[in-house]
Each structure stands twice: as C-alpha cells, then as structure tokens.
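Asker: Could you have a look at this structure, given as structure tokens, before my questions?
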Amino acid sequence: MAKSYDFKKIEKKWQNYWYNNSVFEVHEDLSKPKFYGLIEFPYPSGSGLHVGHVRAFSSIEVVSRKKRLEGFNVLFPIGYDAFGLPTENYAIKTKQHPRLVTDKNIANFTKQLKSLGFSFCWDRVVDTTQPDYYKWTQWIFLQLFKKNLAYKSTTLVNFCPSCNVVLANEESQQGVCDRCGTTVVQKEKDVWFLKIRDYAEKLLDGLNDVDFPERIKVEQQNWIGKSTGAIVTFPIEIGKEKLYVDVYTTRPDTIYGATFLVLAPEHPILKENIQKIQNFEEITDYQESALSKKEFDRIQMNKEKTGILVEGMKAINPITNQAIPVFTADYVMMDYGTGAIMGVPAHDQRDWDFAKKFGLPIIEVIKGDVDVQEEPYCAKDGVGVLVNSPLINGLNVPDAIKKIILEMQSLKVGYPKVDYKMKDWAFNRQRYWGEPIPIINCPKCGQVPMDEKDLPLELPHLEDFSPSDDALSPLAKCTEWVNTICPKCGGKATRETDTMPQWAGSSWYFLRYMSPKDNNYVVNPNAYKYWGQVDWYNGGMEHVTRHLIYSRFWNHFLYDIGVVTHKEPYRRRSMQGLILGADGEKMSKSLGNVVNPDDVIKEFGTDVLRTFILFIGDYEKPAPWSPDGIKGSDRFIKRLWNLQDYLVDNCDTSDVNLDAVIKKVSDDIEACKFNTAIAAVMEAVNGFYSRGKITINEYITVCKLIYPIAPHITSEIYHILTGEYIEKSDWPKFDPKKLIEDCIEIPIQILGKVRGKVTVEVNATEEEVINQVKELGLLDNKTIVKVIYVKNRIVNFIVK
RNA sequence: GCCGAAGUGGUGGAAUGGCAGACGCGACGGACUCAAAAUCCGUUGAGGGCAACCUCGUGCGGGUUCAAGUCCCGCCUUCGGCACCA
C-alpha cells in the first residue's frame, strides 16, 4: 500500500522546487516556437485572492503547462495593476500611505498565487505603480499628446460626487459609478481626453483579424456604435437674422417627412441667441431642469416626452424649403451627433410620441402597412418605398438615401457622415494614487510636454492625499512639486496636477512583460520581435468595453508610431464565467457566500481546488460553488495517488483506450473544455481500477495528462516512478491507428427507435450489418422498405 | 425597446443531425469494520411489467428529416450588455 497522500508536504515541496529553481523562467530562444499566454493581471486589493481569480488564471496556466511539455517556449507572466481608487480609499480610511498598502497587498497576493502553484514567470513581475514602469505609461501619453490624440477640453463630464472624481463613459455605465455605485452627475470640468474615436474604425476593422468569441466582437461593435448617415444643414430664421443648424440623421431619405426640428437643451445656438428668443425664461427653466434631471430621469426610457417650442425661431427644411417649428427637448442628447435632430414622426417612435404630444403634423414618406397617424412605421433595414417625396418617390430606402445625399451635396445643404456612439476617453482623475500627467502648463507657451528624458515624473510623497471638496487633485497642494520651469521658454510654469485613470497602466502591460527591466524602450525591439502578439489572453466579460478596448486602442496607436508591428495586441481571447456562491448568487461579503481559496487549500490542497474549479462546468459559463462537489475532485486526486497499489509490470488487456484519452484531453484543453478533459481522465482512472492493473507507462501517461491541472501530485508520482522531473518530459502522443477499434457496436433503429445493437467490424458493409441484424430476429415478420446505414454509426430500418 | 447567451434527471453538467443524461455530487444497496469514517464494488430520468421488454421524456407550439437537445418558424422564461444614439 502506498502511503496516504500528504498534500501539505508534497505541494510545498514542488512549489519550492519550481520557484527556487526558476523552472518557469524563459528567454528568447529562436530554436523553439514561442507561446505567449496572458491573464488579466490582478488588482491587489486588501481582501486578497478570490476563487474567481483562480478560475480566471487556471485556463492559461493549464495551457502553458501543456505547451511547455509540447516544446514551446512559454511566456506566462504575472504582475499587478496597483494604481487606483480602492487602494487610495482604503489608505485614506486606515491612515496609511497607499505605497505601503500596495506593497502589503502585493506581498499577500504573491504568497497566495504561489500557494496555488501557478507557473508564472516570477522574474518578470510588473507593478504599474513603480516609477520604472509608469515612466513608460507617461511616455506613451506624451506620444499621444504629440500626435494630437490627447487634448484638454471643458465639457460636461460624468462625475462621481462620492469619489470626487471624473469618470470615463466606460466607468459610468448605467449612470452609476463603477467603483462605489453612486449615481453619476454631469459636471462641467476641464478634462483630458484621448481621441479613441479617431481609432473607432481601426478598432472595428481589427476585430476581423483576431480570434475572439463572437459575443465579445458584437459587444465591442455595439459599444463603438458605428452609424452611417448624413449631416443636413437647416437654415434657422430668428427675426431677420439667418443662422444654420446641423442635424445628424441616419435616414436622410425621410427628409420630406421632417415636420419639426429639435435642439438638445444644451445646444449652443440656444445659449448664444437666448435674448432673441421670445420665451427665453421658459427655455432657461427647461434647460436647468433638463440638466439636473439628466442624473436620473433622462436615463429612463419610454417616459413622457417633454419639450418647449422655441418661439421666434423657425427652421427651413432645405429640401422642401418649408418652414417648420423649432423645439428644445431633453430626448435629444448634446453628446451624440450634432445635438440637433430633424423630427420625422411618421417613421420614428420618439418623434411620433413628441409630435402627438405637441400636435405636430405627421407625414408618411415610406409606404408601410400601418396608418402613421395611429403608429409610426419604423421598419428595420430600410424596407419600404418612398412616397410624398418628389425627388425620390418610388425608390427603395437604400437607393433613396444615396440619391438624396447626392442632391444635398449639390445643393450644399448636406453631406454623408459616419458617427460613433463611443466617446473620447476621459483621461484624468483628481486623485493622488495614479500616474502624474507629464504636461507643464506655461502661461506663455500653453501646454508643454515634458522632455522624455526627464521621465519618469515621479509621484511626490504626500502625507495628506485625501481629495479636496473643490475637486482638485491632492497634488495641487504640493507646491514644490507643482511649481516648475517651462521646458520650452524656461519661465515659471506649473505641472498638471491630475493623474491618469487606473486603465492607463493596464493598457500596455502585456508589452512590458516582454522586457520588464529595459530602461531604454517601452518594449525592447528584439524581445518584441520574438514574443510579438499575445497568443492567448483570458479575462473577464466585464472588461470587454473597458480594458479590452483601451488596450487595443493603445496598441493600434503604438503600431502607427512604429513601436510594435502587430496592429492587434491579442491573437486569441477567451473568458471565464463567474464563480457564484453556493446559493447561486454572485459572491459578496454582504451575502456571506464568499469562498476563500486559502481555506479550500488548507482543507483539500491546491490540486483539488484547481481540478474542481475547472471541473465545475463549462469554463465560459457562470457556475455555483459546491462544497459537496469538491469532494469528487478530492476523491479523484486520491484515486490517482492510490493507483500506485495497482502497478504491474505488464498487462495485455487493452480495455482502456489511452490513445483516445490523449486525443480528447489534448483537444479539450485547446478548446477551453477543461471539464470534459478532466472527465476523460477520471474515466480512464476508473477503467484502471476496474481492471485492477496499471502499467508504469500507462500511469505516466495519465499523470502527464492531468499534470497541467494538478501539477503537484503528478510531479510527485512521476518522480517516484521515474526519478525524473515531469517538466522535462514530453506531452504524450497518441497513435491515430489506435483511435479506431477493430470492432464497433452500432445501434439498430427500427422506424427511428433503438431496438438493439450489433457488434461489427469497423467499416462493415451494409450487407454484413443487415445479415447480423436478421440473425437477431429483430426483423422477423417485417418487410424492409428502406435501410439507412451510416458506416460505423447507426443503422435504421424502415419497415412495414 | 435593441443586441447577445442560455433553458437537459434530485443536483453541477455531457452529447461532429445518429444509442440523451458522459463525468461528478447526492441517494440507495453491498464488501471491509466491534462500530463509524475513509476506501472498494454495484444501482440510480419517470411510469408500467415476474420478466425479456414496453411507453413517455432535453422550456412551450408547429415544421424539416429515415433520424432533432442539436436545423427552421412562432412563442415563453432567465441571465448578461446597451439604451430617448436620431
């Protein structure tokens, strides 16, 4: 009898072996194919590692361990995305410096990750808060600034009143702060933006070149929100004065049905001409209420339309030359299109609602199957034929759009225009714990970029880093840091005091891993040449419209300035489903359903945790934690160990087809189907138990197959069996010939129902099968009408 | 409202259009034990029959096919994302 498996001792033993001997360190090696596997580096929070992290990291961990045995040179790095609000808020609350908090948290994460036995390249760890790292984050910002892709502008921004901080659109989805859940308010502020919109087209195109799950692509496409339409210029008459307002529409073909014009309450033409508007008081009130409403109600849809007629303004439809009324209404948004629309009530639900409320005429211009006085006809994909539209009558919608745009262009009243829902990226935060923005404000020269050789611009050590009520960065208080000299004119100047958002450091970290210690390059060209694209990147669905878009944007930019040679940073992307609590709810402290990986490791060991977390279900789907289910993985690991009692020198029965298992496990790991890979090995182990025998070679193969998932126990067994180290062995190969059995059992269907089975030789002819079935007597007293025989699969008899 | 994913035993979940329920949990039975745990070996979708077997079964309703969990059409429900985006 083998000694019972002491996971505490043995797991520690192998972890020491791996980490003390730098088993997973890699260097560029042209003699081997490379594999760059990446997981989203964690935010080192105070609460430590979560079982969700274990699932998220396990996929690439398993793939990496397998690829190494397959002879790949594997880069599987780890680091910490450590700037940001949670640490800063925690630091303020506990009166510790964020540097201290960060270092403590990183130390804790490192310890936990090592106790999980992950095969990270520990010599390449990056920490986004270290000056030698953020030097390059700042460097990239300077390149963006120099290419006019970073600009400062005063706008209404999403502002979190609780965190006292400006949020990017991506951080305030659903109108609440990503971090604290407080409802976001609109505030006018000086804001740094990165022109991600300039990259919208490249980000869309790039999706064709990458192996991402379809739903990620769709989600990114929707987020970018490309629409094709036209700008149409409407003359506006105020008394004798004539102004022009641009309207954006995706349906210029419906212009004959435009019976009113609506301006967003914030539209500048209202502000600029307020004294000429007869009912300006009413308008001003409405603007104010719209602004404050934006927080709550403007987010709600399908609410009652409101709006005010702008008295004294008239718009002229540039195609019909007819005068139409001008309104302001909060259903028109200033930050999309031009902030002004032409109202076509017959063919747009919102315009229809508005027209009904204000008694405006509804003119049908697309023939549909409804009475547009009763409901709008909003057929998708331009179904229908134009009516009541002299220039384009009788045309279908796509043709009508083409023709009317040409007409507008020749009249100089409109032109085609592509627009995107995605906004530019609000890039500054009034917070301490972030990368300082390396820009100097000079009274003479304006915004001056720092000299690159002066980077990094280090974050000064502050004792008081709490945010002030005036929404100024804590850095503003540090005058000896703020006051500086203009690099251009040498005069007195001040530093930008806002810092970068947390997403900055994570937008390029995958490049830093290739040459983490290089002081001369953002990424060393030789290292880049070797490692290139990330081959496989796993992460969470929640980052699809944040980190994944931002980092693709930065990489495209770095491509454009010649720093990298792949447009797309990630060749393949996969994502893990959430681990839910045992109650099926999302794990949260308040529900008390959080599972701490440390506790599980203490009770069952790392191999059991790793096996279970991958066995729990489809990798991409959410799965509830099961305190009972893990017992199954525990039993499996023990059974694997106890196979030592069944070892024989040789065994001629071949009732376990290990070749098929090798194929299945190899394929399944590549396809992220870890649950069925594990099931296949379990089945094999069960097979050896019922046979009561296992040979050394079989045992070695089983160990190798499950090694990527449970590396500790398999390292130990392998070492016991061979005296060697499993890391130095090869991934098992299968013999394709052995995948095909000599004889095969095929089901017999009669009228589509299974009535029996026959065992025949592989590739048996239809005749042979029919003869065998007849011998069974299943077809007695029946007349065969038709036989469907699918070789090696099934036979179906249609009988009378 | 729009976009996307999904609905299979008591339970987590498997199934290139070809034997539905692999593998695991739980439950039941047996071996071992003074006993229990652990371990090992069975049984386990529902209903019927002494039985060999039969009938019904993948959210609901239709359809295509020799054959449908899988494909098509129409619904229902749940979850995720976007949302007065012109």
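The values are calculated or read from the model by the stated rules, or taken from the named source; none is laboratory data. All values derive from a computational prediction rather than experimental measurement. Don't worry about glycine lacking a Cβ; one is built from the backbone with ideal geometry, like all the others, and counts go over all protein chains shown. Just so you know, the surface numbers come from the protein's heavy atoms only, side chains and all, with ligands and any DNA or RNA stripped out. Shrake-Rupley method; radii C 1.70, N 1.55, O 1.52, S 1.80 Å.
Asker: How much length, in nm to one decimal, is gained on full extension between A:Leu578 and A:Asp205, taken as 0.36 nm per residue of separation minus their Cα-Cα distance? Write down the numbers at each step before the final one.
Answerer: Numbers: separation 373, 0.36 × 373 = 134.28 nm, distance 2.95 nm.
Using 0.36 nm per residue and subtracting the Cα-Cα distance, I get 131.3 nm.
Asker: Then there is this: Which value, in Å³ per residue, describes the convex hull spanned by the Cα atoms of the stretch A:413-565? Show your work: numbers first, answer last.
Answerer: Working: hull volume 33.3 nm³, N = 153.
Residue-normalised Cα hull volume stands at 218 Å³.
Asker: How large is the charge dipole for the stretch A:77-203, taken about the Cα centre, if only the Cβ atoms of Lys, Arg (+1) and Asp, Glu (-1) carry charge, to the nearest 20 debye? Provide the component values of the computation, followed by the final result.
Answerer: Values: 17 positive and 13 negative charges, 41 e Å.
In debye, rounded to 20, the stretch A:77-203 gives about 200.
Asker: Calculated FRET efficiency, A:Asn697 and A:Tyr17, Cβ-Cβ r, R0 25 Å, to nearest 0.05?
Answerer: Numbers: r = 24 Å, r/R0 = 0.97.
That pair, A:Asn697 with A:Tyr17, gives E of 0.55.
Asker: Averaged per residue, what accessible area in Å² does the stretch A:312-390 show with a 1.4 Å probe, protein chains only?
Answerer: On the way: 3550 Å² over 79 residues.
Value returned for the stretch A:312-390: 45 Å² of accessible area per residue.
Asker: So, one more: Would you mind getting the accessible area per residue of the stretch A:590-725, heavy atoms of the protein chains only, 1.4 Å probe, in Å²? Write down the numbers at each step before the final one.
Answerer: Details: 5500 Å² over 136 residues.
Here the per-residue accessible area is 40 Å².
Asker: How big, on average over all directions, is the shadow cast by the Cα convex hull of the stretch A:75-227, in nm²?
Answerer: Numbers: hull surface 49.9 nm².
Projected area, direction-averaged: 12.5 nm².
Asker: Here's something else I'd like to know. Explain nothing, just compute: Karplus ³J(HN,Hα) = 6.51 cos²θ - 1.76 cosθ + 1.60, θ = phi - 60°, for every residue of the stretch A:446-457 in order, whole Hz, x for Gly and Pro.
Answerer: Here the 3J(HN,Hα) series is x, 7, 10, x, 5, 5, 4, 6, 8, 6, x, 8 Hz.
Asker: Distance cut-off 23 Å, Cα to Cα: go down the list A:Lys13/A:Lys66; A:Lys146/A:Lys187; A:Lys135/A:Lys444; A:Lys187/A:Lys423; A:Lys3/A:Lys728 and report the pairs above it. If you can, show how the numbers build up before the last one.
Answerer: On the way: A:Lys13/A:Lys66 21 Å; A:Lys146/A:Lys187 28 Å; A:Lys135/A:Lys444 27 Å; A:Lys187/A:Lys423 16 Å; A:Lys3/A:Lys728 26 Å.
Exceeds cut-off: A:Lys146/A:Lys187; A:Lys135/A:Lys444; A:Lys3/A:Lys728.
Asker: Applying 1/(1 + (r/R0)^6) with R0 = 35 Å to the Cβ-Cβ distance of A:Asp780 and A:Arg639, what FRET efficiency is obtained, to the nearest 0.05? Write out the running numbers ahead of the final one.
Answerer: Numbers: r = 47 Å, r/R0 = 1.34.
That pair, A:Asp780 with A:Arg639, gives E of 0.15.
Asker: Pop out the ³J(HN,Hα) list for the stretch A:698-714 in order, Karplus 6.51 cos²θ - 1.76 cosθ + 1.60 with θ = phi - 60°, rounded to Hz; leave Gly and Pro as x.
Answerer: Rounded to whole hertz, the list is 5, 4, 4, 4, 4, 4, 5, 5, 9, 3, x, 8, 10, x, 6, 5, 6.
Asker: Collect residues whose amide H, placed 1.01 Å from N in the peptide plane, falls under 5 Å from the amide H of A:Val758; neighbours closer than 5 in sequence don't count.
Answerer: Counting only residues 5 or more places away or on other chains, the set is A:Ile746, A:Ile748.
Asker: Same structure, new question: How long is the gain from A:Gln749 to A:Ser4 if the chain were fully straight, where each residue apart is worth 0.36 nm and the alpha carbon distance is subtracted? Walk me through the numbers on the way to the answer.
Answerer: Values: separation 745, 0.36 × 745 = 268.20 nm, distance 4.91 nm.
Result: 263.3 nm gained on full extension.
Asker: Still on this structure, please answer the following. Collect residues whose amide H, placed 1.01 Å from N in the peptide plane, falls under 5 Å from the amide H of A:Gly539; neighbours closer than 5 in sequence don't count.
Answerer: A:Ser574, A:Met575, A:Gln576
Asker: A further question follows. Set the Förster radius R0 to 45 Å, insert the Cβ-Cβ distance between A:Asp618 and A:Leu472 as r into 1/(1 + (r/R0)^6), and round the FRET efficiency to 0.05. Present the calculation step by step, with values, prior to reporting the outcome.
Answerer: Values: r = 49 Å, r/R0 = 1.08.
That gives a FRET efficiency of 0.40.
Asker: Could I ask something else about it? Would you work out what percent of the accessible area of chain A, with all protein chains in place, is carbon or sulfur (probe 1.4 Å)? Working shown, then result.
Answerer: Numbers: 17720 of 35530 Å².
Solvent-exposed carbon and sulfur of chain A make up 50 percent of the total.
Asker: Taking H as built 1.01 Å from N, whose amide H comes closer than 5 Å to the amide H of A:Ala379, not counting residues under 5 places away?
Answerer: Answer set, sorted by chain and number: none.
Asker: Can you give the direction-averaged projected area of the convex hull of the alpha-carbon atoms in the stretch A:402-475, in nm²?
Answerer: Details: hull surface 41.3 nm².
In nm², the orientation-averaged hull projection of the stretch A:402-475 is 10.3.
Asker: What are the radius of gyration and Dmax of the stretch A:59-150, computed over its Cα atoms and given in Å?
Answerer: 17.2, 50
Asker: Here's something else I'd like to know. From the phi angles alone, apply the Karplus equation (6.51, -1.76, 1.60; θ = phi - 60°) to the stretch A:360-377 and give each ³J(HN,Hα) in whole Hz, x where the residue is Gly or Pro.
Answerer: 8, x, 10, 10, 6, 10, 10, 6, x, 9, 10, 8, 5, 6, 9, 7, x, 9
Asker: If each residue of separation counts as 0.36 nm, what is the full-extension length gain between A:Leu30 and A:Lys492 once their alpha-carbon separation is subtracted? Walk me through the numbers on the way to the answer.
Answerer: On the way: separation 462, 0.36 × 462 = 166.32 nm, distance 5.22 nm.
Computed gain between A:Leu30 and A:Lys492 is 161.1 nm.
Asker: Can you pull the three principal axis extents for the Cα set of chain A, in Å, largest first?
Answerer: Here the spans come out as 104, 85, 50 Å, largest first.
Asker: Please state, to two decimals, what the Cα-based radius of gyration of the stretch A:363-500 comes to when divided by 2.2 N^0.38 Å (N = residues). Write down the numbers at each step before the final one.
Answerer: Working: Rg = 28.2 Å, N = 138, 2.2 N^0.38 = 14.3 Å.
Ratio of Cα Rg to 2.2 N^0.38 Å: 1.97.
Asker: When ligands, DNA and RNA are left out and all protein chains stay put, how many square angstrom of accessible area per residue does the stretch A:119-252 have with a 1.4 Å probe?
Answerer: Numbers: 5430 Å² over 134 residues.
Accessible area per residue: 40 Å².
Asker: Right, another one. Please compute the Cα-Cα pair-distance distribution of the stretch A:280-436 with 5 Å bins starting at 0, giving whole percents from short to long.
Answerer: Going out from 0 Å in 5 Å bins, the stretch A:280-436 shows 1, 7, 12, 16, 19, 16, 12, 7, 4, 2, 2, 1, 0 percent.
Asker: Determine which residues of the stretch A:518-533 fall in the zone a paramagnetic label at A:Asp123 would reach in this model, i.e. backbone nitrogen under 15 Å from the point 7 Å along Cα→Cβ.
Answerer: A:518
Asker: At a 10 angstrom cut-off on C-beta neighbours, averaged per residue, how do the peptides A:42-55, A:363-376 rank from highest to lowest?
Answerer: On the way: A:42-55: 19.4, A:363-376: 16.5.
Order by mean packing, descending: A:42-55, A:363-376.
Asker: Taking 7 Å along the Cα-to-C-beta vector as the label spot, tell me the A:Leu156-A:Lys271 distance in nanometres, rounded to one decimal.
Answerer: It works out to 1.0 nm between the two label points.
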